[in-house]
Amino acid sequence: MDFMVFQYPMITVQACLDGILLGILFALIAYGMALQWGVMNIINIAQGDLVILGGYIAYFMYLYGIHPAWGVIVAPVIMYFLGVLIYKLVINKVVDRDLFISILATFGISILFMQLMNFAFGADVVLANSDYGTTMLFNNNVVLPNSKLFSAFISILFAICLVIYMKKSKLGRAIRATAQNARAAKILGVDTEKVYAATFGINAALCGVAGALISITFTIHPYMGLPYTIRSFMIVIVAGLGNLPGVAMSGMGLGVFEEFADYILGTEFRIGSVFLLLVLILVYRRFKLSRKREYLK
Amino acid sequence: MNKNNLILYSGILIFGLAAPFLFPAFKVQLSILCVLIILATTWNIQGGEMGYNSFGNILFYGLGMYLCASVQVGMFFPLAEWTESGGEKTFVHTPTQFFQGMAVGLIVAAIVPTIIAGLIGYSILGLRGHYFAICTLGLGVAAGEISGGIEIIGAGQGFTTPPFPDVGSLEARGEFFYFLSFFTLILTFIAVRSIYSTRFKLILNAIRDNEDKAEAMGIETMKYKIIGWMISAFFCGLAGGIMGGLVGYIDSTDVAFDGREMGVFMVLMAILGGKGTLWGPIIGATIFHIFKEGFWTFFLGWQYVALGVLIVVIVIYFPEGIMGWLREKYPERFGEVVDEKDRKAQVELK
């Protein structure tokens, strides 16, 4: 245990800023999670692995001499088609089934992806160096890599674009209609099968963007997927489905929590604390709900 | 029917007792099979019968593994020095110490997870459906990550369990662990079978089919859910303790709290054999283990890819499992009275 973080205000500021910038990325992934959960009623355990795959796309562009920031444009395009492919092969068979079936099936996809990435890219921790330099704040006491600012900016940009797209475009309207009532949407002429495929594709594309940004700002590793899934799940259950400001806020909150856990407990307990937080949140939610149920009785 | 059962059970018992001498090369594999069957059968108690699909039984398995090994070492030698580095070279268990330690270790490994399941049960089992599944997944992974940071049980570098003492025979180790796991399996089977013939099982099924209705009928669902989970935890802890000694090395995320492997295996085996049946998990575990060993040997390196594909295929195309399929095909054998007219009408409806 190390409480230095509270004795030096600059470290607190540093942790908060880092956490918020990280949290914006989490919120972007969680937005994809909320989208597919709301529309198709599936929980995708492979979410985190899609993120890591997006990261590897950016990393490969970096290896071949292209600036990894272009991965932000390339990764979502590739990932969109991959997402549609996964939908056609697996997800469309589990959409109407029990939620546990979808969890287990996507768990299988997650293991598959994890291992294929391990074969293709090796088990090393890699990062795509963007050479963006750093910004110093508060008399050089707080260090902010520009790549983190860049990634937060791009995430917000993508989120805003997606919200506008969902509001204005025909497909966006169809997706929202399907989320509200799939059967009614079908009756009114919406091709729900196409909508589902597009939703999953958009989710995968969002993961691709987030992954490319993560490979620039942090590091990626084939086995690092599951924590991202758990984080986005946590953000979605805290914020609720279809509550975008809530997703953004709880994403940032989670980011700050993680940075503080990192300082106080030590890096080796960072992932563990995320998973424990998930358990605590679910238990808290359960007691809150059960009180409500008793009240209703 | 009863006579058939008797023949079947005695056949299996004789085969089980003779197996290590018939197939001396497969003793370790057979012991692992026993452990897998225990895990699948006990997962089935709350996963299949109660409808609470848990990814978190790996928590009890891993706890049992660490507890058994720690007790076995800690009873006679300082634990911290043992785990620091190469303690197994400086401190040597005599045979008496080893077996005493193992016995006490297994008792602790069974009881502590049961108590923990009882303590956390009230909070965790109030969650429904997928929230429960994800929460238990989180529990398992969190336990792995946290135990990987605790120094006294070896942290990231792992924990070597006490090596088997020299009792004069090279075969002794394999035979000891085989019979240990086989008798635990028999114990588990008898316990589970007797549970399944009581009212308790019907209550679990009522919880699975409709929990709110069961509660409205006056069943204290929470009490029974916790008891069901505690039974699972008891046998998972035992299985973990045995597996720790069998493998000889405990790593926090790769052996003990291996949610990616064992945690999914137990779910998969139960589903493959058929959830909610007595024999389903046993058949599923046997087939799965044979299949897995085949893959692990012939497709070395690609085993997880095969595992991922296998999960997807089983879950999508075979969710009812082998027993479910048999039940659909030969309903009379399962004691279901089939009304021919009704069946035809249903087929026509389809």
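The values are calculated or read from the model by the stated rules, or taken from the named source; none is laboratory data. Remember, it's a predicted structure, so these values are computed and weren't measured experimentally. As a convention, Cβ positions derive from the backbone with ideal geometry for all residues, glycine included, and neighbour counts pool all protein chains shown.
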Point to revise | Unmet requirement for B:LEU278, which otherwise passes all of (1) outside any helix (DSSP H, G or I); (2) within 13 Å of another protein chain (Cβ to nearest Cβ) | key: (2)
Study note, to complete from the structure: Flagged in segment A:93-104 as in contact with a helix residue (DSSP H, G or I) (Cβ under 7 Å, 6 or more places away or on another chain) and facing chain B (nearest Cβ under 10 Å), in numbering order, are A:LYS93, A:VAL94, A:LEU99, A:PHE100, A:ILE101, A:SER102, A:ILE103, A:LEU104
Practice item. Look at B:GLY154 and say whether it is over 30 Å from B:GLY51 (Cα atoms), surrounded by 23 or more Cβ atoms within 10 Å (Cβ to Cβ) and of a type outside the set (Ser, Thr, Tyr). Key: yes
Exercise for review: Among the residues of segment A:204-231, write down those that are more than 23 Å from A:ALA69 (Cβ to Cβ) and either more than 14 Å from chain B (Cβ to nearest Cβ) or among the polar types (S, T, N, Q) (or both).
Suggested key: A:THR229
Exercise for review: Can you tell me which residue among A:VAL77, A:VAL72, A:VAL125, A:VAL94 is over 21 Å from A:LEU206 (Cβ atoms) and either in contact (Cβ under 8 Å) with a residue 24 or more places away in the chain or loosely packed, with under 15 Cβ neighbours inside 10 Å (or both)?
Suggested key: A:VAL125
Review point. From the set of residues in segment A:173-196 that are under 20 Å from A:GLY32 (Cβ atoms) and without any contact (Cβ under 8 Å) to a residue 60 or more places away in the chain, which is nearest to the chain's Cα centre (by Cα)?
Key: A:ARG176
Review point. Got a sec? Which of A:GLY240, A:GLY266, A:GLY272 is out of contact with any Leu (no Cβ under 7 Å at 6 or more places or on another chain), free of Cβ contacts under 8 Å to residues at least 60 places away in the same chain and on the phi > 0 side of the Ramachandran plot?
Key: A:GLY240
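Among the residues of segment A:119-151, count how many are over 22 Å from A:ALA58 (Cα atoms) and assigned to a strand (DSSP E or B).
5
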Exercise for review: Just give me the residues in segment B:253-268 being modelled with pLDDT of 75 or more, surrounded by fewer than 24 Cβ atoms within 10 Å (Cβ to Cβ) and not in a helix (DSSP H, G or I), in sequence order.
Suggested key: B:ASP258, B:GLU261
Review point. Does A:LEU85 meet the test of being modelled with pLDDT of 85 or more and either within 14 Å of chain B (Cβ to nearest Cβ) or outside any helix (DSSP H, G or I) (or both)?
Key: yes
Review point. Pick from segment A:135-187 the residues that are of a type in the set (Val, Ile, Thr) and at pLDDT 85 or above: which of them is farthest from A:ALA210 (Cα to Cα)?
Key: A:ILE187
Review point. If you go through segment B:99-116, how many residues are more than 20 Å from B:ILE227 (Cα to Cα) and touching a helix residue (DSSP H, G or I) at 6+ places or on another chain (Cβ under 7 Å)?
Key: 5
Review point. If you check A:ILE52 against the conditions, is it in contact with a Phe, Trp or Tyr (Cβ under 9 Å, 6 or more places away or on another chain) and assigned to a loop (DSSP other than H, G, I, E, B)?
Key: no
Practice item. Please go through segment B:151-209 and pick out each residue that is at positive phi and modelled with pLDDT of 85 or more. Key: none
Point to revise | Residue that is nearest to A:ILE235 (Cα to Cα) [pool: residues in segment B:108-130 that are more than 9 Å from chain A (Cβ to nearest Cβ) and among the β-branched types (Val, Ile, Thr)] | key: B:ILE116
Practice item. Identify the residue in segment B:131-162 that is in a helix (DSSP H, G or I), under 17 Å from B:ASP258 (Cβ atoms) and more than 19 Å from the chain's Cα centre (by Cα) and, among all such residues, is farthest from the other protein chains (Cβ to nearest Cβ). Key: B:GLN157
Practice item. Can you give me the number of residues within segment A:87-139 that are among the β-branched types (Val, Ile, Thr) and within 20 Å of the chain's Cα centre (by Cα)? Key: 7
Check your understanding: What helices (runs of 4 or more DSSP H) completely inside segment A:193-297 contain at least 3 residues that are surrounded by fewer than 17 Cβ atoms within 10 Å (Cβ to Cβ)?
Key -> A:244-265, A:270-296
Practice item. Filter segment B:203-220 down to residues that are over 11 Å from B:TYR52 (Cβ atoms) and in contact (Cβ under 8 Å) with a residue 12 or more places away in the chain, then give me how many there are. Key: 5
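In the list B:PHE299, B:PHE288, B:PHE295, which residue meets the criterion of being out of contact with any strand residue (DSSP E or B) (no Cβ under 8 Å at 6 or more places or on another chain) and buried (at least 23 other Cβ atoms within 10 Å of the Cβ)?
Of the residues listed, the single one that is out of contact with any strand residue (DSSP E or B) (no Cβ under 8 Å at 6 or more places or on another chain) and buried (at least 23 other Cβ atoms within 10 Å of the Cβ) is B:PHE288.
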Check your understanding: Among the residues of segment B:225-242, is there at least one that is on the phi > 0 side of the Ramachandran plot and in contact with a helix residue (DSSP H, G or I) (Cβ under 9 Å, 6 or more places away or on another chain)?
Key -> no
Check your understanding: Residue check: is B:ASP254 without any contact (Cβ under 8 Å) to a residue 24 or more places away in the chain and more than 10 Å from chain A (Cβ to nearest Cβ)?
Key -> yes
Check your understanding: Considering B:PHE299, B:PHE295, which residue is under 22 Å from B:SER31 (Cα atoms), modelled with pLDDT under 85, more than 16 Å from the chain's Cα centre (by Cα) and within 13 Å of another protein chain (Cβ to nearest Cβ)?
Key -> B:PHE295
Review point. Within the group A:PHE107, A:PHE119, A:PHE113, which residue is over 12 Å from A:ALA46 (Cβ atoms) and facing another protein chain (nearest Cβ under 10 Å)?
Key: A:PHE119
